[in-house]
Amino acid sequence: MNSEVTIRKLRAVFETLTIVAFIALLWLPTLDHFFQLDHARKTVENRLPAKWPQFAGIGRSRDFVTGVESYFNDHFGFRKRLVRWNNHWKGQLFHDASGNDVLIGRDGWLFYSGCEMLQHWTRETIFSEQDLENWRRLLELRRDWLRERGIKYVFVVPPDKHTVYPEYLPAWMEKSAKPSKVQQLAEYIKAHSTVEMLDLSQTLIDAKKLRVVYLKTDTHWNLFGGFVGYRVVMEALARQLPGLEPLPLDAYDWKPIARDPGDLTIMMGRAEGYPETQAMESVALKPLPNPKMMTDPARLPLSGTREAAWPRISVNDKAAGKAIVFRDSFATLWYPFLGQHFREVLYIWHYDWDRQLIEKEKPDVVIDEMVERFFNNEDPVALARKDQSPATNAPAGLATGETEVPADESD
């Protein structure tokens, strides 16, 4: 008898907990709507989310109700988290790659949709006035520190592929008329500073009229696109160091070459149906030095297990001077070109500076290269802190909101 009573009590407790849990789950979407509890990153779904419909009168009430339903389906609470869980488990259980950060465009063009690409494309995410001021302050701090040592400085942002080839994006992707973050900062720097900042977007848009400048199945520019970007950098350096002159566009004969499909097909988990047709090789039309690429672990330690990210040194005994490039993978295609102008070019794969290295190497120029998708999400305040040597205070004047960076915080 006692056992039956105990079982009934346990069953009642279990049923009560089930009801409470069910009611809590029903309320979670509403709570998220008001308190923004879901912090999961948005996914790209080959369409824009539905907008709140406009009421066009009683005669169109059915369309309005349908629009409200579509809006709710795209905006209910915790939808982002649920979609990400769905994509994750589809990949784990069924090896379905549709949830990866790859956007399938037109005519076989693939685009990287990570790093909040959709939010930046629609300009949902833009810089505040404080963000712009923080970037200005960072770049001026770097420029001024180098200037005290007689070193020239250039900051350059290669554009993402979708910035240069929007015509191959899916038709549902609507471009905003607002400026991008890169355009925002370039305009702000032009109005408020003398730092040499280079936005390569329009240059590459113009250059694609001559030849294709990006790979179809890869996140990167092709060799011709890299060459176009190199020329803009060298033109900027020539304004600071008379005597430097970029190679002309007709220094090479550009020929298409076969290559394996690019990194975006690897992210998708399939290369079938997506051949790479826009790779290029350069053939010099007159003899040019062939810079030697090397690593030197004693001079530049090989950090990490990824060989592609190890520090590299370009050596050209027929040239003079030295450059340091703080960079990402986009600068890899500058190896044969920048090396024409400097006896040594040191390529360091990160965005924060090693000031001790700069002091030791004493370069003539420092180039900061940061591709658009990473620039969009970098924090100039954090970079400024990392720039400092252990004996140096963090810079004053950089702020997030109303809070200045404390003078004793550095890492």
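Overview of values
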{"quantity": "Taking K181, K161 and counting other C-beta atoms within 10 Å, the order from fewest to most", "calculated": "K181, K161"}
{"quantity": "Relative compactness, region 129-221, computed as alpha-carbon Rg over 2.2 N^0.38 Å", "calculated": "1.30"}
{"quantity": "Contour minus Cα-Cα distance for E307 and D379 (0.36 nm per residue)", "calculated": "23.3 nm"}
{"quantity": "Long-range HN-HN contacts of R312 with modeled amide H, under 5 Å", "calculated": "Y347"}
{"quantity": "Region 317-393-region 160-233 distance, computed between alpha-carbon centres (Å)", "calculated": "21 Å"}
{"quantity": "Calculated from backbone phi, Karplus (6.51, -1.76, 1.60) coupling profile of region 307-323 in Hz, x at Gly/Pro", "calculated": "4, 4, 9, 5, x, 10, 10, 9, 10, 9, 5, 8, 10, 10, x, 9, 10"}
{"quantity": "Simple spin-label estimate for L241 and E167 in nanometres, 7 Å along Cα-Cβ", "calculated": "3.8 nm"}
{"quantity": "Karplus 3J(HN,Hα) series, Hz, for region 232-243 with 6.51 cos²θ - 1.76 cosθ + 1.60 (x for Gly, Pro)", "calculated": "5, 4, 5, 4, 5, 5, 5, 5, 9, 10, x, x"}
{"quantity": "Cross-link table K255/K322; K209/K286; K161/K322; K286/K318; K152/K286, entries beyond 19 Å C-alpha to C-alpha", "calculated": "K255/K322; K209/K286; K161/K322; K152/K286"}
{"quantity": "Taking V195, V381 and counting other C-beta atoms within 10 Å, the order from fewest to most", "calculated": "V195, V381"}
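A short reminder: the numbers here are calculations on the coordinates, not readings from a lab. Everything numeric here is computed off the predicted structure, so don't read it as measured data. Note that we place each Cβ from the backbone using ideal geometry, even for glycine, and neighbour counts take in every protein chain shown.
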